[in-house]
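See below for the structure under consideration.
Values quoted throughout were computed directly from the atomic coordinates according to the rules given, and no laboratory measurement underlies them. Please read all numbers here as calculations on a predicted model, not as lab measurements. Positions of Cβ are backbone-derived with ideal geometry, glycine not excepted, and every protein chain shown enters the neighbour counts.
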Amino acid sequence: MDHVGNIFRPPSEASSLLIQVTVGCSHNRCGFCAMYRDKQFRGKPFEQIEADICEAANIGPRFNRVFLCDGDALILSTSKLLRILNAIREQLPWVVRIGIYGDTRCVGKKSVAELTELRDAGLGIVYHGIESGDAEVLRRIDKGGTAAECVDTARKLWQAGITHSVIALLGVGGVELSAQHARATAALLSQMDPPYVAALTLTIVADTPIAAAQQSGEFVLPGKFGLLGELRTMVAESGFSRCRFSANHASNYLPIRGDLPRDKAALLQMLDRVIKSRDESLLKPEFLRGL
Ligand code: SF4
């Protein structure tokens, strides 16, 4: 496999074959993200991608899922993505789902008809980091998309029949915007109504704008129980038709997971008990946390 630099994938793609179709992220400006700062964005030549697919075909049916890397690979043109998906379908017929990272920019460039073509060619799931529903937070982190565009993205993916997995980021508004970040994110998630939501916890990474803001005192990360308070607000104030809601990523202090709305009362009960206790021994120790 030709993997340029560090490769990232969602936790739920841990057992997937990782095929890198782009290098880096076409946006590469989010203030908290250092994943691709060392990479100049580019699409990889189809011949290179095809060689990786051939290599996987020679190994045989070891993976039944594929994840297309890097950061926002859905930004590739529909025609190139179709070539890639068709090559996977032809050479790896045992693959049952193909996933990719995408956001408002990627989906905004594609019509529902194009997205449906991608779905028909095997694209099953798009992982989309919205981070926040609050306009001021989105501006400060330079997310580059609006809440309204997120709602449109959700609508288009739903119409195309592609599963939408949405990621929100606890703590990204800092102490100053913590309450409005949590409330606006709950409101946006409700409007988007995706089948999967993951709430991750911000970890400040060196050499990012948010790290510099933290150093200057401009940004203050909420404390552990403040972060759980944000999570509580997102669970309490969101209204989903049917959503698997997870906050069990390596970055989270208190792993929770449930189906909303069914498990809302149970999740809130657990969060309230821990928040009220202020007992840090109930939380994941810092050394066990990951990005
Ligand atoms: S968070 Fe996502 S969109 Fe933003 S810079 Fe990182 S990879 Fe790119």
(request) May I ask you to list the lysines whose Cα is less than 24 Å away from that of LYS80, ignoring any residue fewer than eight positions away on the same chain? (result) LYS39, LYS44, LYS109, LYS110, LYS156
(message) What does the extension gain come out to for ARG289 and ARG83, with contour length at 0.36 nm per residue minus their alpha carbon separation?
(response) 70.3 nm
(request) Set the Förster radius R0 to 25 Å, insert the Cβ-Cβ distance between ALA212 and THR146 as r into 1/(1 + (r/R0)^6), and round the FRET efficiency to 0.05. (result) 0.50
(request) Just the ratio, please: alpha-carbon radius of gyration of the range 215-291 over 2.2 N^0.38 Å, N its number of residues. (result) 1.17
(message) Kirkwood hydrodynamic radius, computed over distinct alpha-carbon pairs, for the range 2-116: how many Å, to one decimal?
(response) 14.6 Å
(message) On alpha carbon coordinates alone, what is the Rg over Rh value for the range 136-281, Rh being the Kirkwood radius?
(response) 0.97
(request) Work the Kirkwood hydrodynamic radius out for the range 34-175: mean of 1/r over every pair of different alpha-carbon atoms, inverted, in Å. (result) 16.2 Å
(request) Report, by chain and number, residues whose modeled amide H sits under 5 Å from the one on THR201, excluding near sequence neighbours (fewer than 5 apart, same chain). (result) LEU170, SER251, ASN252
(request) Determine ³J(HN,Hα), in whole Hz, for all residues of the range 20-25 in sequence, where each value follows from phi through the Karplus function 6.51 cos²θ - 1.76 cosθ + 1.60 and θ = phi - 60°; x replaces Gly and Pro. (result) 8, 9, 10, 10, x, 10
(request) Could you calculate the FRET efficiency of HIS3 with ALA250 from 1/(1 + (r/R0)^6), where r is the beta carbon distance between them and R0 is 22 Å, rounded to 0.05? (result) 0.55
(request) Name the cysteines of the chain that stand alone by the Cβ rule: no other cysteine Cβ under 4.7 angstrom. (result) CYS25, CYS54, CYS69, CYS106, CYS150, CYS243
(message) Skipping prolines and chain starts, which residues have an amide H placed within reach, meaning under 5 Å, of the one on GLN20, given they are 5 or more residues away or on another chain?
(response) CYS69
(request) Calculate the translational D of the range 138-177 in whole µm² s⁻¹ from Stokes-Einstein, where the hydrodynamic radius comes from the Kirkwood formula applied to all Cα pairs, the temperature is 10 °C and the viscosity 1.306 mPa s. (result) 134 µm²/s
(request) Please figure out what share of the DSSP beta bridges in the chain is antiparallel and state it in percent, rounded to the nearest 5. (result) 20 percent
(request) Kindly provide the pair-distance distribution of the range 11-288 built from C-alpha pairs, with 5 Å bins from 0 and whole-percent values in order of increasing distance. (result) 1, 6, 12, 16, 17, 16, 13, 9, 6, 3, 1, 0
